[in-house]
1. What does the C-alpha gyration tensor say about the overall shape of region 117-187? Classify as rounded when a/c is under 1.5, otherwise prolate if a/b is larger than b/c, or oblate.
2. For region 35-86, what is the per residue volume of the convex hull drawn over the alpha-carbon atoms, in cubic angstrom?
3. Putting +1 on Lys and Arg Cβ atoms and -1 on Asp and Glu Cβ atoms, find which of Ser169, Ser148, Ala214 reaches farthest to the positive end of the dipole of region 119-224.
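FYI, it's all coordinate maths here, none of it is from the lab. No experiment lies behind these values; they were computed from the predicted model shown. Positions of Cβ are generated from backbone atoms using ideal geometry, with glycine treated the same way; all protein chains shown enter the neighbour counts.
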Amino acid sequence: SSGINAEYGCLSLVYLTVLGFSSITTGYLRLNGVKDIYVGIAMAVGAVFGVLGTLCYTPLTKRFGVGGAGAVGAVTLAISYGVCLASVFFNKDHLDNIPIPDVQDGQCGDDTEDPLEVSGPIVTPTILVIVGITTIRFGLWIFDLAISQSFQLSVPEQHRNTVGGVQTSFNSFFDFTYILLTVFLSDPKQFDILIVVSCIACIGSCVLYLGWFARTGGLVKSHTQEGTVTTNQAAKDDDVETEDVAPRPAPIDVEIGQKDVITNPVNAKSTDPKNGDI
């Protein structure tokens, strides 16, 4: 279904990125003169943005529906990646001054300074990368929660294990792909290539989701125990109207003899021939 396609195509591509607080990105920031304390502060602020995204998800679903909340997350996520992408258009001349360590027994020689201990002024492209990866968490968590909930609504319960297993394999594949890219593009000057690849994958993920949302309006088939029901996720929860159901008549106790009592008002029959059927 369309919900399953959005789940696979969008959520998996988000794993093809180096723009997170992984050891690869942290090492790149250290090579750019960012001290450990500033990296730690950026990670803490990023965690706060992630929590804010989680807290904002419920109000967004009440206002715009699950599909609309995912669209909001996709837009904010694409903006954050756009900030990171802007950093590749700046010169990286400061990377030419990184000392090449003379490694002996796993340690730098006495005559060479450890490149991770080099500190200096933080240049504009580095600031853009820090701002981008810090704010990514906000849109990412909204985006992730919306797709996951859409996935749960779209897939029948008996097929969720199979579909979830395939989804996990896609996620692992793209996660492995980005690690493999860092092996072949290990030069700090080539980090811009990794940024471009990450932005293409993640912004492309957002575009795919927005295209699905524009085409369907967030309309998915929700599978319930009563059957398959088409629901519009973009509708507000407060505006959903329910049909009035006539209340069932209260059970009527009909005395038959002195001991037996029947509480079914439909099939109850009197044994007294004078009264006839009730």
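1. Working: a/c = 5.46, a/b = 1.92, b/c = 2.85.
It is oblate, given that a/c is not under 1.5 and a/b is not larger than b/c.
2. 64
3. Highest projection toward the positive end goes to Ala214.
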